[in-house]
Amino acid sequence: MNEKSRPASPAGNRASNPFWTIANGLSLLRAALTGPVLWMIWMGPAYKWYLFSVVMAMIITDILDGYLARRRGTVTRWGKILDPLADKVAIDAIAIVLAIVKGLPLWVVAVAVGRDVAIVAAGVFLLNRDRIVLSSNVWGKLTSCAMSVLLIAYAMDAQPLKVPFLYLSALLLLVSSASYARIYLKQRR
């Protein structure tokens with residue numbers, strides 16, 4: 001098997017797959033910060049710079065968690081699940097609220113949420129059937145970056161960034177969906 005899809009370690013082998021690592025804590029923190037971000041978006045322009053600060057902290061935790069896990073040799077099965085799941089929770093929840101409050105087009109929200117639900121469902125299937133944990137790939141990471149800029153543009157009313165990142169995000173959502181579908185079908189064999 002390749003590096004992206006290794007069988008999960010046996011459930012009883014806790015030492016080789018710790019849950020509480022610094023990297024996993026950063027992923028959990030990113031997911032937890034989603035709530036305050038949603039509240040600040042809902043509260044309006046008076047909170048936009050606080051919102052920007054918290055979103056930047058979320059982006060930094062996303063960069064740091066993977067870096068620290070690799071640097072410290074603490075890449076775990078839990079981390080491979082928590083990191084992309086935290087991204088999906090944050091991006092999808094923020095996108096939904098921005099569609100309601102700031103006019104983010106519903107079609108991009110539907111594509112993003114639909115893609116993420118499909119990825120999670122496929123991941124759960126492969127984990128349960130074959131004990132394989134799929135890692136995110138370069139297309140997924142690029143999509144998360146583009147979606148983050150798009151969501152910041154809508155949250156901050158940065159008009160010049162909205163249209164280019166809307167179409168870039170849409171393109172990357174489609175490309176990453178195809179990429180994950182290919183990986184899933186390959187693993188199912």
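Distance between Cα centroids, segment 49-107 to segment 162-182: provide it in whole Å.
Result: 17 Å between the Cα centres.
Compute the length gained on full extension between Arg131 and Ala158: take 0.36 nm times their separation in residues and subtract their Cα-Cα distance, giving the result in nm to one decimal.
Using 0.36 nm per residue and subtracting the Cα-Cα distance, I get 5.4 nm.
If you place +1 on the Cβ of every Lys and Arg and -1 on the Cβ of every Asp and Glu, how big does the dipole about the Cα centre of the chain come out, in debye to the nearest 20?
Dipole magnitude for the chain comes out near 720 debye.
Tilt of helix 22-32 relative to the longest C-alpha principal axis of the chain, in degrees (0 to 90, nearest 10)?
The angle comes out near 40 degrees.
Could I have the simple spin-label model distance between Met56 and Leu29, label points 7 Å from Cα toward Cβ, reported in nm to one decimal?
1.6
Using a 10 angstrom cutoff on alpha carbons, build the Gaussian network for the chain and name the most mobile of Gly66, Gly103, Gly25.
Gly103
Assuming a strict under-15 Å limit between Cα atoms, what lysine pair count do you get for the chain once near-sequence pairs (fewer than 8 apart, same chain) are dropped?
8
Quick check: the angle from helix 77-101's long axis to the longest principal axis of the chain, C-alpha only, nearest 10 degrees?
20
Mind giving me the nanometre distance, one decimal, between the label points for Arg70 and Ala121, set 7 Å out from Cα along Cα→Cβ?
About 3.2 nm separates the two model spin labels.
What is the gain in length, in nm to one decimal, between Leu142 and Ala46 on full extension, counting 0.36 nm per residue of separation less the C-alpha to C-alpha distance?
31.5 nm
Using only Cα atoms, find the angle between the long axis of helix 159-188 and the longest principal axis of the chain, and express it within 0 to 90 degrees, rounded to the nearest 10.
Long axis of 159-188 versus the principal axis of the chain: about 20 degrees.
No lab work stands behind these numbers, since they all come straight from the coordinates. Please read these numbers as outputs of a predicted model, since none were measured by experiment. Counting neighbours? That spans all protein chains shown, and the Cβs are built from the backbone with ideal geometry, glycine included.
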